[in-house]
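Undergrad: Got a structure here, written out as structure tokens. Questions coming.
FYI, it's all coordinate maths here, none of it is from the lab. Keep in mind that this is a model prediction, so the values were computed, not measured. Every residue, glycine as well, gets a Cβ built from its backbone with ideal geometry; the counts of neighbours run over all protein chains shown.
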Amino acid sequence: MDKHDGGDTGEVRFDDPWYDALASGWGELDGTGALAPTVPAARSEHEGRTGGAAHVYLEVQRSAAFREVRARYRRFVIPAVAVFFPWYVGYVVTATTAPGFMARPVAGAVNVALLAGLGQFLTTFLFAWAYARHARLRRDRAALELRWDTQEMTRNARGGER
Amino acid sequence: MSGHHQTLALLLFSAFVAVTLAITTWVSRNRHGSAEEFYAGGRLFSPMENGFALSGDYMSAASFLGVTGLISLYGYDGLLYAVGFLVAWLVVLFLVAELVRNCGRFTLADVVAARMDERPVRIAAGTSSVVVSVLYLVAQMVGAGSLVSLLLGGTSDAARNWTVIGVGALMVIYVSMGGMRATTWIQIVKAVLLIGGAVVLTVLVLMRFHGDINDLLRSAARRSGHGTAFLAPGLKYGGDWTARFDFMSLGLALVLGTAGLPHILSRFYTVPTARAARRSVVWSIGLIGGFYLMTIVLGFGAAAVVGPEAVRGSNAAGNTAVPLLALDLGGGADSTGGTVLFAVVAAIAFATILAVVAGVTLASSAAVAHDLYASLRRRRAKPHGEVAVARVASVGIGVIAIALGLLARDLNVAFLVGLAFAVAASANLPVLLYSLFWRSFTTRGAVWAVYGGLVPSLLLVLLSPVVSGSPESLFPGVDFQYFPLQNPGLVSIPLGFLVGWLGTVTSSEPPDEAKHAEIEVRALTGAGAV
């Protein structure tokens, strides 16, 4: 996992301009952010305008580009949850209802229960690795482009209010 | 066992306290005192730093002391905790981390309130966050208490109580002085210490058995007096169906609770992007997985080397198995090695408790100030008081946690954490998932989902054998036990989801399409994220 992550590091700064943008602009935001922290950003944006920016999000949601990003996310996450969650629940239920089966020796002192437990560890590592890889290769770039476009559209819809 | 290892442990622990206080002072030297700074540490931590901090926040005294203790006493049934604690991170990684980072600002309530009528939702989510945090804090306080009574020999009540009070006071100082930035660095230091300590002990255990895991397992089974049954499930949660359902309940709570823990959720706001949040979760899965694999070795090691009788003799719930193991691995009570190793492990466990307590306190004070106070205060009050309110709230929460910690001191730490997870999974997770993924979720559904999980889970705990009706309960003298399970998760988690659904379908307001579009676009792209 770490190896994968290390390989990732160099790339991030490269195609993730937000990383730097945030860093440089933060000091100023900080000063103003302190004065109105009681409402989250999304809400306070809403108060002033009803049409413009809200419409932008609906428009983006219907766009083909966004639907593609959403579909890619769902195509990974839904099957993955459908596998790991029943696998975990099945493990817990088997451990409680069929201790005899779980106690069956496999090799030496190692029995089915220990193998199943280690199997849970292993699948968790594999799923985490696969998800991170999928998101990095299949989703990140498209999502980032959508982010800039959406923010651009919101800014225009708001008419340079900010 | 005379004063040597106690003095050394106290010295090491004082050194840790000194270092962390120095960190707190250093990072807060030119603080703006803004909410961004206080709750999110400026949002500029790197994924690796945040990954260490996440695992530091998560690997609590419950894991290090409680899980190893349970394994040493009950064998395989303790191991099931470790599995649940780890698998839970897949829920966080897949469904929560990135989306929450993109939609929220400081707390869980931010995510929900972005779509809903703000006031009632914020009050509901804020309340449940505080309740979960306080339960979690109590577990850590109990861990601190049992550790110190071992350290100071005997079971001096006064020493134990003063430790709990001292830990509470320190955590208030960390949080109110240093905010998220100091808390994060403390977590990182602590995670490194804890993993380092676990590696050393694991290597020593494996060396003792010449690297032969088979031998380790066999010795543990033989020494336990249960034979091979020790290596299979059923010792603690076998037998009658109540115990079995209790275990399923716990398993469900563990895997679903993590994604609803306020102090874990607030960690995602300390990194700049959703992508960084994802990578910090991947880091923490690696670290936490490695750590739990080691706790399994340590737990069986404690059973094989120390023996369950000695563990139980020191602390009935098993919370002191690891320090005892360290004492033995170093060469026994009278040797220098044993003394040093014992002291180091005790100091690390202390550091663990302090750091986790600081993280949880910060999250709950954020819920009080950012959600509850901001929604309930009078309009004329000055908004810049929020951080000040958070500081005061951390003191209040500290006092409550100390009081409950003194009351609950004889319960197993891992078990107490299981309760906190059950409440988190019942009250926080349904509302969070519905808000992120369900198009027609409404304000009423959100409020119902929170209270529909929170109230039943707390009520079921009150009516459970934990509180009354059995010799081990908090009030053994009285009996108002009507619910058989110790962990309410099996009932209260589905109830939270069900009531949230019910509130939504019966609500008269139409779901807001535009706001759902906004949440969905923001969650998946990061547009407009702070």
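Undergrad: Provide the packing ranking of B:119-128, B:187-196, i.e. peptides ordered by the mean count of other C-beta atoms within 10 Å per residue, highest first. Don't jump to the answer; show the numbers that get you there.
TA: Values: B:119-128: 23.8, B:187-196: 21.1.
In descending order of packing, they fall as B:119-128, B:187-196.
Undergrad: Still on this structure, I have one more. Could you work out the relative contact order of chain B, using alpha carbon pairs under 8 angstrom and six or more residues apart, expressed as a whole percent?
TA: Details: 1031 pairs, mean separation 155.0, N = 530.
Value for chain B: 29 percent.
Undergrad: Separate question: Please compute, for peptide A:117-128, the average count of beta-carbon atoms on other protein chains lying within 10 Å of each residue's beta-carbon.
TA: Working: counts 8, 4, 1, 8, 9, 1, 2, 11, 6, 0, 6, 13.
Mean inter-chain Cβ contacts per residue within 10 Å come to 6.
Undergrad: Counting only C-alpha contacts under 8 Å and six or more residues apart, can you give the relative contact order of the range B:25-179 as a whole percent?
TA: Working: 80 pairs, mean separation 36.0, N = 155.
For the range B:25-179, the relative contact order is 23 percent.
Undergrad: What does the convex hull of the Cα atoms come to per residue for the range B:207-294, in Å³? All intermediate terms of the calculation are to be shown ahead of the outcome.
TA: Working: hull volume 12.1 nm³, N = 88.
Once divided by residue count, the hull of the range B:207-294 is 138 Å³.
Undergrad: Give the Kirkwood hydrodynamic radius (Å, one decimal) of the protein assembly as shown, defined as one over the mean of 1/r across all pairs of different Cα atoms.
TA: Values: mean 1/r = 0.0394 Å⁻¹.
For the protein assembly as shown, inverting the mean 1/r across all distinct Cα pairs yields 25.4 Å.
Undergrad: Here's a follow-up. Based on the alpha-carbon gyration tensor of chain B and its eigenvalue square roots a ≥ b ≥ c, which shape applies: rounded if a/c is under 1.5, prolate if not and a/b is larger than b/c, or oblate?
TA: Values: a/c = 1.77, a/b = 1.42, b/c = 1.25.
Prolate shape, in that a/c is at least 1.5 and a/b is the bigger ratio.
Undergrad: Need one number: nm distance between label points at B:ALA15 and B:VAL399, each 7 Å from Cα along Cα→Cβ, rounded to one decimal.
TA: Once both label points are built, they end up 3.7 nm from each other.
Undergrad: Long-range amide H contacts for A:ASN111: which residues qualify at under 5 Å (H placed 1.01 Å from N, peptide plane, sequence gap of 5 or more or a different chain)?
TA: Residues meeting the amide H criterion: A:VAL106.
Undergrad: Shifting gears a bit: Are there any GluC sites (Glu not before Pro) in the range B:440-530 that are in a DSSP loop and have at most 15 other Cβ atoms within 10 Å? List them by number.
TA: On the way: sites: B:GLU472, B:GLU513, B:GLU518, B:GLU520; in loops: B:GLU472.
Passing both the DSSP loop test and the Cβ count: B:GLU472.
Undergrad: Based only on other Cβ atoms within 10 Å, what is the fewest-to-most ordering of B:ASP215, A:ASP140?
TA: Values: B:ASP215 15, A:ASP140 21.
Lowest to highest Cβ neighbour count: B:ASP215, A:ASP140.
Undergrad: With 10 angstrom as the radius, rank A:PHE66, A:PHE85 by how many other C-beta atoms surround their C-beta, starting from the fewest. Could you put the intermediate results ahead of the total?
TA: On the way: A:PHE66 24, A:PHE85 16.
The most exposed by this proxy come first: A:PHE85, A:PHE66.
Undergrad: Let me confirm one metric for peptide A:98-105, namely the mean number of other chain beta-carbon atoms within 10 Å of its residues' beta-carbons.
TA: Working: counts 2, 11, 2, 2, 5, 7, 1, 3.
For peptide A:98-105, the averaged partner shielding equals 4.
Undergrad: Relative contact order for the range A:39-158: what percent, with Cα pairs under 8 Å and sequence separation of 6 or more? The partial results should precede the final answer.
TA: Details: 51 pairs, mean separation 53.3, N = 120.
Reported relative contact order: 44 percent.
Undergrad: Rounded if a/c is under 1.5, else prolate if a/b beats b/c, else oblate: with a ≥ b ≥ c from the C-alpha gyration tensor eigenvalues square-rooted, which is the range B:24-137? Numbers along the way, then the final one.
TA: Working: a/c = 2.01, a/b = 1.46, b/c = 1.38.
It is prolate, given that a/c is not under 1.5 and a/b is the larger ratio.
Undergrad: For peptide B:401-409, compute the average count of partner chain beta-carbon atoms within 10 Å of each residue's beta-carbon.
TA: Details: counts 0, 0, 0, 0, 0, 0, 0, 0, 0.
Averaged over the peptide's residues, the number is 0.
Undergrad: Continuing with the same structure: Under 5 Å between amide H atoms, partner at least 5 residues away or on a different chain: which partners does B:ASN319 have, H built in plane at 1.01 Å?
TA: none
Undergrad: What do you get for the angle between helix B:157-208 and the principal long axis of chain B? Use alpha-carbon atoms, 0 to 90 degrees, nearest ten.
TA: So the helix axis and the longest Cα principal axis differ by about 50 degrees.
Undergrad: Still on this structure, I have one more. Please sort B:34-44, B:480-490, B:133-143, A:149-159 by packing, taking for each peptide the average over its residues of neighbouring beta carbons within 10 angstrom, highest first.
TA: Working: B:34-44: 24.1, B:480-490: 20.6, B:133-143: 28.7, A:149-159: 16.2.
Answer by packing, highest mean first, reads B:133-143, B:34-44, B:480-490, A:149-159.
Undergrad: Calculate how steeply helix B:213-224 sits against the longest principal axis of the alpha-carbon atoms of chain B, using the helix alpha-carbon long axis, and give the answer as 0 to 90 degrees to the nearest 10.
TA: The answer is roughly 80 degrees.
Undergrad: How far, in degrees from 0 to 90, does helix B:47-58 lean away from the longest principal axis of the Cα atoms of chain B, to the nearest 10?
TA: 70 degrees
Undergrad: Ok, one more. Where the only charges are on Cβ atoms (+1 Lys, Arg; -1 Asp, Glu), what is the dipole of chain B about its Cα centre, to the nearest 20 debye? Numbers along the way, then the final one.
TA: On the way: 33 positive and 27 negative charges, 234 e Å.
Roughly 1120 debye for chain B.
Undergrad: Then there is this: Out of B:ASN487, B:PHE268, B:SER335, whose Cα points farthest toward the positive end of the dipole of chain B (charges: +1 Lys, Arg; -1 Asp, Glu; placed on Cβ)?
TA: After comparing all options, I get B:PHE268.
Undergrad: Once you sort the root eigenvalues of the Cα gyration tensor of the range A:39-158 as a ≥ b ≥ c, which label holds: rounded (a/c under 1.5), prolate (a/b larger than b/c) or oblate (the other case)? List each step's numbers first, then the result.
TA: Details: a/c = 4.22, a/b = 2.97, b/c = 1.42.
Prolate.
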